[in-house]
Amino acid sequence: MLSTLRGCLPCRTCRARAPFSRVSTWLTMRFPKLKILRSPRGQSPTEANNSATVVDGAQSVSSDEEPENVILTFEESLERLHLSQASQMLIQREERLFGEITEAEALKQHKEDVDKLAADYRKLKDIVESVIDQSMSVSIDGVGPDTLTSAVKAIYQEEEQDQRWRQRDQTPPAWRPCRWKADHDSKLSKMVKDRLDAPSTPPAELIDQSSLQQEINLIGRQLKDDLLWVVGVVRTCYPPQAHICNFYARLYHQFFSSRINKIANFGLVDKDCTFLLRWVNEYYPGILQSPDLAREIDTEAFGKLLPKELLEPLEEQYLSKQQSELKTYIGRVLDEAAQKWNNGEEPKREDGCYTSPVAYDIIQLINGMVTAAEKVLGDLTKAQSVTRELSVFIERFRSFQDNIIRQNREDSKAYIKANLGCIKQFREVLETKSSLFLEDERVKCLSVLDEMKQSAHMYLLNPVHDSLKQNYRKLGTNDWLNKSAFDKLLVSIETQIHDLQGSTESCHQELMCQFHEDVTVEYMRRLLKGEVKLKDRERQDQAYMLVKSNAERLHSLFSRMGSKEVWLKEILTKMAEVLKLQDLPAIQMQVVSLGSAFPDLSEKHISALLKLKTNFSKADRKTVKETLKDALRETTVENPRPFFSKVPVK
């Protein structure tokens, strides 16, 4: 779209030459002695400047033809377009004439001089105005930038003379104040309006657009070309204090805004609504923020093209359309996935892993729509509203997964493994690209996805845990002190791994982490049941060595299978240390350390562990529990990992 706005200043300069031929003709007819100087044919602007002497805003012949010390008359100054010099001459005549005349009777005696001065002012003003009329198309081929500079200088000289007359206690001449500066500003305002009312013919690439789109694009193109011209050429002809770039930019902004306001007042179809918003929030700011313009124009002072009362209905219309499109598309994606399930199609596999396109397709759509909405609306917070009902669709996804689990068909596991990949993709986007979503929707979606992952893990792992029940029963019994019981558990776990494969590498790793945690929780639950009695130090040392060894072997096995949960080994090791220690203070310190690391450790867990040490008194157990209670009261852990809360104890 922005490519349609790019102007070509050289081409525009060429286009400007035609109007100048008319101006030159008009000046010559109006002032027969006036000479419009041109560059020799085929000569570049630089060569032309080098071969001529610039005097008061016009190019004169070289010093060999006209000596620099030649004093020009008023008429000669007009002929050579030395407009500021001509203005100075008139002001000097005015000062001499009205400085000598102090009485009305004396003024009548100089009527001829006054009338001649008034006529000369009119001549000068006509030429100055004709130059200003062409200030948007000055070229080296006609009235050049130096002439515009001279005309501008004349305007400011006359403005200063108006100020001097306002400060005098004397009747001014009829032409004072002349208000050339006010006339200049009014003329520029009309010129800008005329240029935006009649922009250039639409180029070929705009022919297929709607009439509204053509109109706005052409106005925008004209605005961009003209502002570049002002910054590149016109600016150099004005004094810095005139702030001419900001003056022009404000005029163009006002007239463009007025036109956009009229368009926005009519009901627009969705396509034109989007187009108009893009101009307000993207294309127009992009023009003003281009490097060539931003250096000279205070864009922050202008505000938006549309007021809030016109902008908000357009934004609501656009967002409603985007939300509807997103709802339709996501619904189609989920319906297609459900249809494949109903038809008994097995999920596709990539590198041996089951995959589903659901998350990828939805994520791509959301990313594209929110990114586009940010440009159209010019506000990321508003763009996030596109995802206002995302949690509703995630709930639909959960219902789809629940249906797969409930039916428990032969291919259900394959679909659940594919879904795990979708869940992970959704989570990553919600966490790493949070700017795409409304915060409350993001939190809701993450909560649903956590529940979906947990449900999927349970569905895949429950059959495995059922097959391991016989091995679990021997933990925490007298057989447990025999190494062979735990050996059989490890062998059984390893044989179950094959059925759990088939999800992507990262999802399989998360599944193994969950499996690792489940086994550790079951190990801890069996240990704390209290079926084993450790009557003396020897038995307690034996139990310590066994638990520590089991923790190492369990960690080693699951590490090979992909688990990264090192902290699970730490829990078992710390609990084993409690079994080994004999001194009350040492046990207190170990329990505090354990509670500080895992604040969901309860007094019941510690009581059950200490009861295994049958030689540890009830009073000592109470002391340790009080110590833990005090420690937990003073412990603050950010984002603690829950573990003991999953271990039920009586």
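The values are calculated or read from the model by the stated rules, or taken from the named source; none is laboratory data. Bear in mind that the values here come from a model prediction, so they are computed numbers and not experimental data. Here the Cβ is made from the backbone with ideal geometry for all residues, glycine too, and neighbour counts use every protein chain on show.
Yes or no: A414 assigned to a helix (DSSP H, G or I), outside the structural domain of A576 (by TED's automatic domain parsing), out of contact with any helix residue (DSSP H, G or I) (no Cβ under 9 Å at 6 or more places or on another chain) and surrounded by 13 or more Cβ atoms within 10 Å (Cβ to Cβ)? Criteria met by A414. Hey, does segment 173-180 have a residue that's surrounded by 22 or more Cβ atoms within 10 Å (Cβ to Cβ) and not small (G, A, S)? Yes, segment 173-180 has at least one match.
Conditions tested, residue by residue: (1) under 46 Å from the mean Cα position of the chain (by Cα); (2) not basic (K, R).
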| residue | (1), (2) |
| --- | --- |
| A485 | no, yes |
| Q514 | yes, yes |
| R537 | no, no |
| Y544 | no, yes |
| E565 | yes, yes |
| K580 | no, no |
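Put simply, of E158, E129 the only residue that is outside the structural domain of A242 (by TED's automatic domain parsing), in a helix (DSSP H, G or I), of a type in the set (D, E, K, R) and touching an Asp or Glu at 6+ places or on another chain (Cβ under 9 Å) is E129.
Give the residues of segment 164-186 that are in a helix (DSSP H, G or I), under 14 Å from E95 (Cβ atoms) and not aromatic (F, W, Y), sorted by residue number. Passing the criteria: only R164.
Consider segment 201-240. How many of its residues are surrounded by 14 or more Cβ atoms within 10 Å (Cβ to Cβ), within 22 Å of L268 (Cα to Cα) and either among the polar types (S, T, N, Q) or modelled with pLDDT of 95 or more (or both)? Count: 4. Annotation note: of Q407, Q401, the sole residue that is assigned by TED's automatic domain parsing to the domain that holds A337, polar (S, T, N, Q) and crowded, with 20+ Cβ neighbours inside 10 Å is Q401.
The one condition from (1) aliphatic (A, V, I, L, M); (2) without any contact (Cβ under 8 Å) to a residue 12 or more places away in the chain; (3) in the same structural domain as P347 (by TED's automatic domain parsing) that V491 does not meet is (3).
Does L268 qualify as being outside any helix (DSSP H, G or I), within 16 Å of L305 (Cβ to Cβ) and not β-branched (V, I, T)? I'd like the intermediate steps shown before the answer.
Numbers: outside any helix (DSSP H, G or I): yes; within 16 Å of L305 (Cβ to Cβ): yes; not β-branched (V, I, T): yes.
Considered against the rule, which asks whether it is outside any helix (DSSP H, G or I), within 16 Å of L305 (Cβ to Cβ) and not β-branched (V, I, T), L268 comes out as yes.
Taking the conditions (1) closer than 25 Å to R259 by Cα; (2) assigned to a helix (DSSP H, G or I); (3) touching a residue at least 60 places away in the same chain (Cβ under 8 Å) in turn, Q322 satisfies each one other than (1). With a requirement of 3 or more residues that are basic (K, R), the helices (runs of 4 or more DSSP H) lying completely within segment 356-407 that satisfy it span 390-407.
Residues that are in contact (Cβ under 8 Å) with a residue 60 or more places away in the chain and basic (K, R) number at least 1 in the following helices (runs of 4 or more DSSP H) confined to segment 558-650: 603-611. Name the single residue, out of those in segment 242-272 being without any contact (Cβ under 8 Å) to a residue 24 or more places away in the chain and in contact with a Phe, Trp or Tyr (Cβ under 9 Å, 6 or more places away or on another chain), that is surrounded by the most Cβ atoms within 10 Å (Cβ to Cβ). Applying the filter and picking the extreme gives I244.
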